[in-house]
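Accompanying notes for the structure given below.
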Amino acid sequence: MNVLIFEDEKHTALRLIQLLGKYDSEIKVLDVIGSVKEGIQWYRNNAFPDLVFQDILLNDGDCFDIFEEVKVKTPIIFTTAYNEYALRSFKMNSIDYIVKPYDYDEVKDAMDKFRNFREMFLPPESELIKRIVLNEKPEIKKRFLVKLGDRYRSIKSEDIAWFIYDDGLTFAVTFDNTRFPVNYSIDQLSSLLDPALFYQVNRKYMVNIESIRNIHTWFNSRFKIEITPNSEEDVIVSRERAKDFKLWLDR
């Protein structure tokens, strides 16, 4: 993962680099930038990173001057000692906001949040503001109209046991083991279905909580789940989703 850091205090930047290395040794810090001018120039001359840690007050102004010059298409975690900038930061591509002096747990929570959201990140800006700042929820999809042979059938979402992405197509499998294609990706379904009922366990599977029969610990801090109807392969909860998966089960 490539990370860009905006920070005008050298010791704070070094501390953040240490905390990121502790979180994931494979994180690569592309650069540390201390000014608005340098930031604009960097964005114009380089590809966007995977994630930006953005100090708000830099040595020649605040970072919002950068966003007036460059359309930044990267998730941002804002960092500053002044929390009055919080609402303004969420109008950008912000996924979290941490106040100095921050510690490892705060950085870890922000990174976990980034990994949970990265697959579905960057809805239109107005939708981002509604969901994060106003805490509005998208409309939940309650049924699917599907074609079975020469007839159509409306399937209630709650009657679907799990979804699978297989060979370029997404299929829904009902509790009576009927399988039919749906015109949505797994990522799209993740934002359309009731989050209390469905959970995306990895890039390939989304499961109904009622379909889970057993849960087993698995290597690499993951889980293996048994679902009904049976799948033809092991269903593994990815490591980056394991913590949130346990919280989802415990709601």
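The values are calculated or read from the model by the stated rules, or taken from the named source; none is laboratory data. These figures come from a predicted structure and were not determined experimentally. Backbone-built Cβ (ideal geometry, glycine too); neighbour counts: all protein chains shown. Quick note on the areas: whole protein, heavy atoms, side chains included, nothing else; ligands and nucleic acids left out. Shrake-Rupley method; radii C 1.70, N 1.55, O 1.52, S 1.80 Å.
Which of the chymotrypsin sites (Phe, Trp or Tyr not before Pro) found in the stretch 147-230 are in a DSSP loop and have at most 15 neighbouring Cβ atoms, other than their own, within 10 Å?
Phe175, Phe219
Loop-located trypsin sites (Lys or Arg not before Pro) in the stretch 171-234 (DSSP state not H, G, I, E or B) with no more than 13 neighbouring Cβ atoms inside 10 Å: Arg203. Note that the chain presents 57 Å² accessible area per residue, ligands and nucleic acids not counted, probe 1.4 Å. Given +1 at the Cβ of Lys and Arg, -1 at the Cβ of Asp and Glu and no other charges, the dipole of the chain around its Cα centre is 760 debye to the nearest 20.
The Cα trace of the stretch 148-231 gives Rg and Dmax of 13.0, 46 Å, the first to one decimal, the second as a whole number. Over all Cα atoms in the chain, the spread is summed up by Rg and Dmax: 21.1, 68 Å. For GluC sites (Glu not before Pro), the sites in the stretch 159-251 that DSSP calls loop and that have at most 10 other Cβ atoms within 10 Å are Glu232, Glu233.
Summarising the amide proton neighbourhood of Asp166: residues at separation of 5 or more, or on other chains, whose placed amide H is nearer than 5 Å comprise Phe171. Basic side chains Lys and Arg get +1 at the Cβ, acidic Asp and Glu get -1 at the Cβ, and with that the dipole of the stretch 7-76 about its Cα centre reaches some 240 debye. Among beta bridges from DSSP that stay inside the chain, the antiparallel ones total about 65%. Here the Debye sum runs over all C-alpha atoms of the stretch 194-249 as equal scatterers in vacuum, and log10 of I(q)/I(0) at q = 0.18, 0.19, 0.25 Å⁻¹ comes out as -0.52, -0.59, -1.07. May I ask for the angle, rounded to the nearest 10°, between helix 239-249 and the longest principal axis of the chain, with both axes built from Cα atoms and the value confined to 0 to 90°? Approximately 60 degrees, to the nearest 10.
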